[in-house]
Amino acid sequence: MLEKEIEQKLIRTAKKAEGLALKFVSPGYDGMPDRLLLLPGGRISFVEVKAPGLKPRPLQKKRHEMLRSLGFKVYVLNDERQIESMISGGDA
């Protein structure tokens, strides 16, 4: 499955859960996750989407740790089977 296909499934699944998986763009601040996941109950997390088998680059890892230190969940999504757990609030 391609990265784009995984990302589209995340968007559809979030919508079914009455949430949003918004494209996250941060001009001038490279390495930020691809999607901002907004779910009912005020749940907010960030999602880095990767093709199967791929991992975040060093700068991306640094940004993920920064966001986690602020108290946000950050997921690295590289398998469509992870999506349900993310939507239900599983471990990042």
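Across region 29-87, what is the number of residues that are in a helix (DSSP H, G or I) and either without any contact (Cβ under 8 Å) to a residue 24 or more places away in the chain or under 20 Å from Lys16 (Cα atoms) (or both)?
Residues that pass the stated criteria total 13.
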Discussion item. So, Glu18, is that one touching a Pro at 6+ places or on another chain (Cβ under 7 Å), under 24 Å from Glu5 (Cβ atoms) and exposed (fewer than 12 other Cβ atoms within 10 Å of the Cβ) or not?
Written reply: yes
Worksheet, complete the sentence: Taking region 45-72 and the residues there that are surrounded by fewer than 18 Cβ atoms within 10 Å (Cβ to Cβ) and in contact with a Leu (Cβ under 9 Å, 6 or more places away or on another chain), the one that is nearest to Glu5 (Cα to Cα) would be Ala51
Item to complete: Filter region 43-88 for residues that are within 16 Å of Ile11 (Cβ to Cβ) and among the aromatic types (Phe, Trp, Tyr) and give the result.
Response: Phe46, Tyr75
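No lab work stands behind these numbers, since they all come straight from the coordinates. Computed from a predicted model, the values in this text were never measured in an experiment. Reconstructed Cβ throughout: ideal geometry from the backbone, glycine too, with neighbour counts over all protein chains shown.
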